[in-house]
Amino acid sequence: MTKVKTILVADDDQSVRTVLTQALKRAGYDVNATDNGATLYKWVANGQGDLVITDVLMPGENGIDLIPKIHGRRPEMKVIVMSAQNALTTAVSAVEKGAMDFLPKPFDIDQLLDVVKNALRQTRVLVREEAANTPGTTRALNKTFIVGQSPAMQNIYRTIARLTNTDLSVLVSGESGTGKEIIARALHEFSRRKNGPFVAVNMAAIPKELIESELFGHEKGAFTGAVQKFEGRFAQSAGGTLFLDEIGDMPMEAQTRLLRVLQEGEFTSVGGRKPVKTNVRIIAATNRDVHRLIADGKFRHDLYHRLNVVPIRIPPLRERKEDIPALVQHFVLSSGSLKVFEPKAVAALQNFPWPGNIRELESLVRRLTALHTYDVIEHADVQKELARLAAPAAAGEDMAEGLPQGMNNLITEYFDANFGHVPAEGLSNLHALVVSAAEKPLIEWVLRQTEGNQIKAAAALGINRNTLRVKIRQLGVEVKK
């Protein structure tokens with residue numbers, strides 16, 4: 001007969017202990033529950049229990065600080081930490097101290113039961129580096145600050161915590177402005193590579209012909225203009241993390257070369273002959289639909305699976321509006337201001353769709369705190385700014401059904417006049433020809449409308465601002481402020 005497993009629960013909240021005890025007993029487990037860490041440790045030291053579920057803040061000993069003591073007596077004991085302190089640092093500290101998992105409160109009971117079931121299924125002893133109080137971690141806590149306690153952000157914290165002792169590749173996806181590089185930096189700062197370099201490179205900002213040189217370096221004289229040897233980003237990030245931003249904009253030829261490097265673990269600089277071993281962790285990010293790119297033949301399926309070992313999706317701000325009050329306070333304080341937003345003003349911010357996400361919110365908050373001389377920013381002030389932000393979107397709603405019929409007629413007349421006499425089999429590369437002919441005047445017109453503001457122009461065009469910069473350079477567009 002299979003022995004019934006016993007779960008040891010420690011939480012100073014009576015209601016939490018009651019709910020956990022009832023749920024675990026219904027699931028077929030025996031339960032011992034206490035409100036303090038001392039009793040919990042006494043049970044563990046006496047050989048009781050098969051699994052520990054502990055809160056962080058309790059009378060006496062902190063639940064996280066108790067984990068090393070538990071493992072000192074019983075290394076095989078799995079520990080699950082739960083906490084209402086739903087912050088990245090709490091999750092990482094718990095895992096670094098040796099917790100098997102971290103659950104933010106309030107949690108779903110079914111989710112907890114799944115975690116318990118998986119924990120009891122594991123039989124191997126987990127050995128974790130107790131690094132929560134090392135100088136490297138302190139540096140990480142000071143350098144990486146992520147705001148948000150929404151369920152979506154808590155899931156991201158759990159994922160980052162679980163990856164602290166691995167070098168697995170991560171693909172961070174999310175709309176422009178959601179904070180993909182901040183997440184990438186957190187993954188680095190809370191990893192065993194935290195003392196190594198973090199090197200970021202934006203694929204959309206590098207001319208197509210220079211990408212291989214940028215990533216892998218080049219030798220002196222390798223091509224026209226290579227007047228000296230250049231150490232590429234792979235070499236610069238040795239021992240650390242290489243962050244490949246906007247990976248969806250990477251040309252196919254460079255994708256092939258990157259895949260080969262990831263498969264073989266070495267690269268050769270442009271013009272070089274001697275292979276160089278790589279020692280980097282890859283974190284990639286994109287705001288594009290990679291599955292659509294793969295279907296369109298613009299992104300390698302095999303490279304996607306190399307990069308997407310662990311996926312992290314950052315939700316747009318409109319999906320985590322409960323984080324907006326904390327974000328507003330953070331942006332005000334980080335700007336050195338003592339001003340406050342009245343509650344109605346914050347509510348107005350929560351009701352806005354934020355197409356530009358956190359970056360757009362930050363710009364608005366900093367603008368309001370800088371331009372308003374009084375201490376309280378009121379609802380009317382915020383509404384005025386939001387109306388200005390919404391104006392371009394409202395103007396674009398008229399185009400939701402496509403171009404106006406008059407414009408369609410003009411385009412059709414142009415095709416009839418210029419290509420109507422050419423047999424169908426005589427036409428070639430017409431799509432690229434028309435797109436290239438229309439793209440430059442379109443970008444020039446939008447830039448005139450936005451008075452040279454490239455962020456606004458990119459939003460109006462529906463493309464990434466880095467992509468716009470590349471097109472400006474490639475098409476020779478003159479930007480007038």
- Please verify whether the stretch 332-342 includes one or more residues that are more than 19 Å from LEU386 (Cα to Cα) and in contact (Cβ under 8 Å) with a residue 40 or more places away in the chain. no
- Matching helices (runs of 4 or more DSSP H) fully within the stretch 351-433 where at least 1 residues are at pLDDT 85 or above and at positive phi: 357-371
- Query: From the residues in the stretch 217-258 that are more than 21 Å from THR286 (Cβ to Cβ) and aromatic (Phe, Trp, Tyr), which one is modelled with the lowest pLDDT?
  - Reply: PHE223
- Given the structure, is ILE324 at pLDDT 90 or above, assigned to a helix (DSSP H, G or I) and surrounded by 16 or more Cβ atoms within 10 Å (Cβ to Cβ)? yes
- Task: Hey, can you tell me all the residues within the stretch 181-195 that are not charged (D, E, K, R) and not in a loop (DSSP other than H, G, I, E, B)?
- Result: ILE182, ILE183, ALA184, ALA186, LEU187, HIS188
- Message: I'd like to check something: does the stretch 304-321 contain any residue that is modelled with pLDDT under 90 and under 25 Å from SER176 (Cβ atoms)?
- Response: no
- Query: Of the residues that sit in the stretch 158-188 and are of a type in the set (Asp, Glu) and in contact with a strand residue (DSSP E or B) (Cβ under 8 Å, 6 or more places away or on another chain), which one is nearest to VAL309 (Cα to Cα)?
  - Reply: ASP167
- For the stretch 10-105, which strands (runs of 3 or more DSSP E) that fit wholly inside it have 1 or more residues that are over 36 Å from the mean Cα position of the chain (by Cα) and more than 30 Å from ALA184 (Cβ to Cβ)? 30-34
- Query: Give me the pairs: first residue in the stretch 281-299 and in contact (Cβ under 8 Å) with a residue 60 or more places away in the chain and of a type in the set (D, E, K, R), second residue buried (at least 19 other Cβ atoms within 10 Å of the Cβ) and assigned to a loop (DSSP other than H, G, I, E, B), beta-carbon distance under 6 Å, and six or more apart or on different chains, which are they?
  - Reply: ARG281/ARG193
- Query: With (1) at pLDDT 90 or above; (2) of a type in the set (S, T, N, Q); (3) within 26 Å of ASN155 (Cβ to Cβ); (4) surrounded by fewer than 20 Cβ atoms within 10 Å (Cβ to Cβ) as the list, and THR54 as the residue in question, which single condition is left unmet?
  - Reply: (4)
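The values are calculated or read from the model by the stated rules, or taken from the named source; none is laboratory data. For clarity, every value in this text was computed on a predicted model and none was experimentally measured. Positions of Cβ are generated from backbone atoms using ideal geometry, with glycine treated the same way; all protein chains shown enter the neighbour counts.
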